[in-house]
Structures are given as C-alpha cells and as structure tokens.
Amino acid sequence: MSPSMLGLLIAWGVLTGVLVVLLIYRSTLTMQEDDQLFLDASEAHMAAEQHEIMRKVEKISPFVMWLGAGSALLIVAIAGLAAYERLTQVQ
C-alpha cells in the first residue's frame, strides 16, 4: 500500500467518522421532534422547544451534506488510486 493510499484512507476514515457522529446527533435531535403540535397558550414552551430542535437540525444539515459529499469523493478517489496501482503493477 502506497503512502498516498494510506493518507487517503486515514482522511476518509476521519471524515466518515465525523459524519457518523453528526448523523447520530441529528437522529437523537429528531427523535424529540413532533410532527404536529396542537398547542394552546399554556403550552407555548413546547413550541419553543420544537423551534430550538429545528434550529439545531438546520444548523448541522450543511455540515452533514458537505461531509457526505467529501466522504463520497474520497472513496471514489481511493478506488481510482487502487485501480491505477493495480494496473501499473501488472505492467
């Protein structure tokens, strides 16, 4: 295994690890989210809690998207480098 392959694998592992942690965090947030609330004036604090949850989910969504795209690009680069190394070994 070449040093560049090892570097790419480490970078992919770290990036994907952070992505998994963010996905787990987002899923724990959305477990507390209700699809529909019927509130009167005395339960306004529940609406505020739901807005806070949605604010947190919306805040991490771009990071999840970019980390997912980065992870996908790195795995494609790793596969391409592995294929290139195999082809050059045969010759």
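Working from Cα pairs under 8 Å separated by at least six residues, relative contact order for the range 3-90 is 48 percent. Relative to the longest principal axis of the Cα atoms of the chain, the long axis of helix 3-31 lies at roughly 10 degrees.
Within the chain, the proportion of Cα pairs with more than 17 Å between them is 62 percent. Against the main long axis of the alpha-carbon atoms of the chain, helix 44-90 sits at an angle near 10°.
Laboratory data are not the source of any read-out in this text; all were calculated from the coordinates shown. Given the structure is predicted, the values throughout are model-derived calculations rather than measurements.
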